[in-house]
Amino acid sequence: MDVIGFVATMIPIALSPGASLTLALNNAVTQGSRGVLHIIVGTALGIYTYAMLASIGISALLLRYPALMRVLTLLGTGYLVYLALRLIQRGWHASARSPAPCSSLGVRAAYVANVLNIKAILLYVTVVPLFAGTARDSQPLAQSVMSFMTLETVHVAIMGGWLLLTTQLLTRSARTIAM
């Protein structure tokens, strides 16, 4: 298992804007750090779901059956469009100062966005096995699962730290500008 190589590979991937960052920024504005933690938990659960599926070889089925990959891609795209429309609607309600509260999105929204994320699917099917040692070795299942879980814990730490940092910068910048 190559943790240092994995970290070097994951940093630009984890720091690229995506659904989790969008949801975290929304929650930072509506609920502060507590709302961001909900997104981090949902993101972590999504990452661990793929790590588990990849470690036992189930996600490799997506490579064998392109139609299944296409269906998952369409579902993911549809869900992201749905989330975007919800966020736009919330923004309109907030700007119109409507009496409806502008609530945050929670763990479930982040989980589904991550599980249906084609970038994550491809990452766990193609890239992570290279660093877990499963692409070149014939590891026992328990060792494979442990390797994937270790690497995904590193991924969660990078992603969670990034989401906390960016949302803290956003909220502090907004407070500074409002003064």
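The values are calculated or read from the model by the stated rules, or taken from the named source; none is laboratory data. As the structure is a prediction and not an experimental result, all values here were calculated from the model. Neighbour counts run over all protein chains shown; Cβ positions are idealised from the backbone, glycine included. The protein model used for the area step is the full one, side chains on, heavy atoms only, and it has no ligands, DNA or RNA in it. Shrake-Rupley method; radii C 1.70, N 1.55, O 1.52, S 1.80 Å.
Tell me, which residue of the range 101-118 that is out of contact with any Leu (no Cβ under 8 Å at 6 or more places or on another chain) and modelled with pLDDT under 80 is most open to solvent (accessible area, probe 1.4 Å)? Please lay out each step first, then the result.
As a first pass, look at the range 101-118 and keep what is out of contact with any Leu (no Cβ under 8 Å at 6 or more places or on another chain): 101-104, 106, 108, 112, 115, 117.
Adding the requirement that they be modelled with pLDDT under 80 leaves 101-104.
Working: Pro101: 114, Cys102: 48, Ser103: 61, Ser104: 27 Å².
Filtering the range 101-118 for residues that are out of contact with any Leu (no Cβ under 8 Å at 6 or more places or on another chain) and modelled with pLDDT under 80, the one most open to solvent (accessible area, probe 1.4 Å) comes out as Pro101.
Which of the residues spanning the range 62-80 are more than 10 Å from Leu116 (Cα to Cα) and hydroxyl-bearing (Ser, Thr, Tyr)? Residue satisfying the conditions is Tyr65 alone. The residues of the range 1-10 that are open to solvent by 30 Å² or more (accessible area, probe 1.4 Å) and in contact (Cβ under 8 Å) with a residue 12 or more places away in the chain, listed by number, are Met1, Asp2, Val3, Val7, Thr9.
So which of Val41, Val36 ends up being open to solvent by 70 Å² or more (accessible area, probe 1.4 Å) and touching a residue at least 60 places away in the same chain (Cβ under 8 Å)? Give the derivation first.
Working: Val36 fails: open to solvent by 70 Å² or more (accessible area, probe 1.4 Å).
Going through Val41, Val36 in turn, just one is open to solvent by 70 Å² or more (accessible area, probe 1.4 Å) and touching a residue at least 60 places away in the same chain (Cβ under 8 Å): Val41.
Considering Thr166, Thr150, the condition of being open to solvent by 20 Å² or more (accessible area, probe 1.4 Å), within 18 Å of Val3 (Cβ to Cβ), touching a residue at least 60 places away in the same chain (Cβ under 8 Å) and not aliphatic (A, V, I, L, M) is satisfied by Thr150 alone. Could you list all residues from the range 11-24 that are assigned to a helix (DSSP H, G or I) and surrounded by fewer than 21 Cβ atoms within 10 Å (Cβ to Cβ)? Within the range 11-24, Ile11, Pro12, Ile13, Leu15, Leu21, Thr22 meet the criteria.
Identify the residue in the range 44-75 that is open to solvent by 70 Å² or more (accessible area, probe 1.4 Å) and outside any helix (DSSP H, G or I) and, among all such residues, is nearest to Ala142 (Cα to Cα). Of everything passing the filter in the range 44-75, Ile56 is nearest to Ala142 (Cα to Cα).
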